[in-house]
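Worksheet: the structure to be examined is printed underneath.
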Amino acid sequence: MADFDLDAARREFADLTGLFEDAALIASAGQVAKCLDDGRRRFKRLSTALRGIRRRLSILEDRLQ
């Protein structure tokens, strides 16, 4: 059972790492926003990505306890 939980935690960590990479990509693209609406759109995408990161991090913490 402990091995199963460790595998699940590893998968969650891998997903979390992918979300961090996605958020970094969105943030770097947002640096070249040409207008306010474009900046808002990119900010919303980044906010959504960060919410996903927080959710996955919470799941990972629960699995590690």
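How many of the residues making up the range 7-18 are open to solvent by 40 Å² or more (accessible area, probe 1.4 Å) and within 19 Å of T48 (Cβ to Cβ)?
Here is the first cut: in the range 7-18, the ones open to solvent by 40 Å² or more (accessible area, probe 1.4 Å) are 7, 10-11, 13-15, 17.
Filter again for within 19 Å of T48 (Cβ to Cβ), leaving 15, 17.
Within the range 7-18, residues that are open to solvent by 40 Å² or more (accessible area, probe 1.4 Å) and within 19 Å of T48 (Cβ to Cβ) number 2.
Tell me which of these E61 doesn't satisfy, since it passes every other one: (1) over 17 Å from the mean Cα position of the chain (by Cα); (2) acidic (D, E); (3) closer than 26 Å to R11 by Cα.
(1)
Can you tell me which of A49, A29, A24, A33 is surrounded by fewer than 15 Cβ atoms within 10 Å (Cβ to Cβ) and under 12 Å from the mean Cα position of the chain (by Cα)?
Numbers: A49 fails: surrounded by fewer than 15 Cβ atoms within 10 Å (Cβ to Cβ); A29 fails: under 12 Å from the mean Cα position of the chain (by Cα); A33 fails: under 12 Å from the mean Cα position of the chain (by Cα).
The match here is A24.
Filter the range 52-65 for residues that are among the hydrophobic types (A, V, I, L, M, F, W, C) and in contact with a Leu (Cβ under 7 Å, 6 or more places away or on another chain); which is surrounded by the fewest Cβ atoms within 10 Å (Cβ to Cβ)? Break it down stepwise before answering.
The first filter runs over the range 52-65 and keeps only residues among the hydrophobic types (A, V, I, L, M, F, W, C), leaving 53, 57, 59-60, 64.
Keeping just the survivors that are in contact with a Leu (Cβ under 7 Å, 6 or more places away or on another chain) gives 53, 57, 60.
On the way: I53: 18, L57: 15, L60: 18.
The selected residue is L57.
Scan the range 26-40 for residues that are touching a helix residue (DSSP H, G or I) at 6+ places or on another chain (Cβ under 9 Å) and part of a helix (DSSP H, G or I) and jot them down.
I26, A27, A29, G30, D38, G39
Please name all residue pairs, on different chains or six or more residues apart, with Cβ atoms under 8 Å, provided the first residue is in the range 18-33 and is aromatic (F, W, Y) and the second residue is part of a helix (DSSP H, G or I).
F20/I53
The values are calculated or read from the model by the stated rules, or taken from the named source; none is laboratory data. Predicted model, so just to flag it, every value in this text is computed and none were measured. Neighbour counts are summed over all protein chains in view; Cβ atoms, including those assigned to glycine, are modelled from backbone coordinates with ideal geometry. Side chains included, ligands, DNA and RNA excluded: accessible areas come from the protein's heavy atoms. Shrake-Rupley method; radii C 1.70, N 1.55, O 1.52, S 1.80 Å.
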